[in-house]
Amino acid sequence: MATIYNSDARKLNKLIADNSIDTTITSPPYFDMKDYGHKNQIGFGQDYNAYLEDLSKVMKSVFTATKESGSLWVIIDTFKRNDTVIPLPFDFSRIATEAGWKLQDIIIWKKDKTVPWSRKGATRKIFEYVLFFTKSSNFKYYSDRTRDTKDLKEWWIKYPERYSPFGKSLEEIWEFSIPTQGSWGEGYIKHFCPLPEDLVRRIITLTTDEGDMILDPFSGSGTVPAQAAFMKRDYSGFELNAEYVKMFKTYLKKNLKSRVIEYERSTHSPSQEEFKENIIKLRILKFAKVLIKKSKIYDISISHILAIRSDETKLGAHQVSAAKYIVLIEPTNTIEQIKEELSKIIGCAPLSKFGISAELIIKTEFSEFESECENQELYIYSTSNTHKFKEKTANKKIKINEKAIISNIEISINETAYRSI
Ligand SMILES: C[S@@+](CC[C@H](N)C(=O)[O-])C[C@H]1O[C@@H](n2cnc3c(N)ncnc32)[C@H](O)[C@@H]1O
């Protein structure tokens, strides 16, 4: 039931059902420096304690209205009074915690541009706080959806086991431009300080699913409900100023259809898929390389490994792929003994951390090993570089005098291509 109530947020408990909200995203009205043009507004004309008390009342009602798995995101900033900083984000955090919220994270929203001057005793203001609270410890949070697979250094090629197949996780500093006049369409945005659309989208992606209910008790221009609707979520909101509510409705009607199509297109990300595939391939191949190296501890000499990516349907909790490793060794001990020692190596770090479900097959005769390689297209890697194949076998004879890792995985990554990003 998508509604923006032209009503006071302090009446939230009368209009929103208990345990019905998934995520609240809001920026509360400023303390006394902005007049939003309504006699009942919170902030303007109030003293600081009355202001905090009103915010506390709203946050208590939001807590009751939120589901156990739900969260609260607040974009908020400090300000100066009588030459002293008033730490509003910290005071807000205290009242929210008293209302039952658990503070999970403090994020810095770094803005791209602000005024180029500052007052005596203060550096130029360039950021605001984003406070992330949850109702319980069992909250919705999809970090994999917002991981970065583009802005990575080349290290992921040599250390694929240290990088999640979904990319690098979000940092504590988020950079988003301040919305400019006109960015919401012709003549629409006469409102004070709307939130950046991208920031709201990131939060919605992180903590909600399609169909979830998103609330903004201080909707203003309606950035939060609009993005919720564009991303196929439900929304609820409160805003005292009837003009803002009217503007939001007009804006939504005009843009909903095209923005939903845009959203649907954006949910498929081929670059993330590609990155995940590369990380898995690199991990399977590097696993063989590390196995050869570690086996020397037990005086086991592995001359060749055939690494075959296999069925990934029965993976364990932290596993990303499965592979069969056919290992050719010069027997110095019984096969059982060697198998036990190699299993020990696989069961310990670093190999146990690779997320590969590994099946080990030991061969001592080259002819047996060779027959495993028959009738398939394979790629030969040196034992020191498993991110760039040296040659394709095409069923060629494999030279026994040179150690090698052979695989049905084809990968050829040039590290220098990633060095500049
Ligand atoms: C900082 S603005 C929110 C801006 C919004 N996040 C956006 O993107 O446009 C705060 C809003 O709270 C509204 N407001 C102030 N007191 C209120 C109250 N008691 N109930 C509901 N809304 C209120 C103001 O009119 C103002 O639009």
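The values are calculated or read from the model by the stated rules, or taken from the named source; none is laboratory data. This structure is a prediction, so every number in the text was calculated from the model and none was measured. Note: ideal-geometry Cβ built from the backbone for every residue, glycine included; neighbour counts use all protein chains shown. Side chains included, ligands, DNA and RNA excluded: accessible areas come from the protein's heavy atoms. Shrake-Rupley method; radii C 1.70, N 1.55, O 1.52, S 1.80 Å.
Restricting to the chain, what percent of DSSP beta bridges are antiparallel, rounded to 5?
Just about 50 percent of them are antiparallel.
Helix 270-295 versus the longest principal axis of the chain: what angle, 0 to 90°, nearest 10, using Cα atoms?
Around 40 degrees separate the two axes.
What spacing in nm lies between the two simple spin-label points modelled at ARG145 and LYS403, each 7 Å away from Cα in the Cβ direction?
4.6
Determine the percent antiparallel among the DSSP beta bridges restricted to segment 1-103, to the nearest 5.
For segment 1-103, the DSSP antiparallel bridge percentage is about 40.
In the structure displayed, which of LYS257/LYS314; LYS293/LYS392; LYS11/LYS135; LYS150/LYS392; LYS281/LYS339 lie more than 32 Å apart, Cα to Cα?
Too far apart for the 32 Å limit: LYS257/LYS314.
Just by accessible area at a 1.4 angstrom probe, what is the order of SER93, SER258 from largest to smallest?
Per-residue accessible area, sorted high to low, gives SER258, SER93.
Determine the dipole magnitude for segment 3-268: charges of +1 sit on the beta-carbon of Lys and Arg, -1 on that of Asp and Glu, nothing else is charged, the reference point is the Cα centre, and the result goes in debye to the nearest 20.
Around 380 debye, computed over segment 3-268.
How big, in percent, is the set of alpha carbon pairs in segment 25-158 lying more than 21 Å apart?
Value for segment 25-158: 53 percent of Cα pairs lie more than 21 Å apart.
At a 1.4 Å probe radius, which order do GLU415, GLU210 fall into by accessible area, largest first?
Heavy-atom accessible area, descending, gives GLU210, GLU415.
Karplus couplings for segment 11-16 from phi (6.51 cos²θ - 1.76 cosθ + 1.60, θ = phi - 60°), rounded to Hz, Gly and Pro as x?
In residue order, the calculated couplings are 9, 3, 5, 8, 10, 10 Hz.
As I understand it, the dipole of the chain uses +1 on the Cβ of Lys and Arg and -1 on the Cβ of Asp and Glu, about the Cα centre. Which of CYS193, THR26, ILE279 lies farthest toward its positive end?
The residue sitting farthest along the positive end of the dipole is CYS193.
How far is helix 242-266 tilted off the main Cα axis of the chain, in degrees rounded to 10, range 0 to 90?
Helix 242-266 sits roughly 10 degrees off the main axis of the chain.
I want to verify a result. In a Gaussian network model of the chain, Cα cutoff 10 Å, which of these has the top mean-square fluctuation: ALA317, ALA358, ALA228?
Residue with maximal mean-square fluctuation among ALA317, ALA358, ALA228: ALA317.
Would you compute, for the Cα atoms of segment 271-419, the largest minus smallest coordinate along each principal axis and list the three values in descending order, in whole Å?
Extents along the principal axes: 47, 37, 30 Å.
With springs only between Cα atoms under 10 Å apart, run a GNM on the chain and tell me which of ARG265, ARG119, ARG201 wobbles the most.
Of the options given, ARG119 has the highest mean-square fluctuation.
Which of PHE90, ILE261, ASN13 sits farthest toward the positive end of the charge dipole of the chain, with +1 on the Cβ of Lys and Arg and -1 on the Cβ of Asp and Glu?
So the residue we want is PHE90.
Compute the helix-to-body angle for 335-347: its Cα long axis versus the longest principal axis of the chain, expressed 0 to 90° and rounded to tens.
20
Rg/Rh for the chain to two decimals, with Rh computed the Kirkwood way over all alpha-carbon pairs.
1.13
Give me the 1.4 Å probe accessible area per residue for the chain, excluding ligands and nucleic acids, in Å².
51
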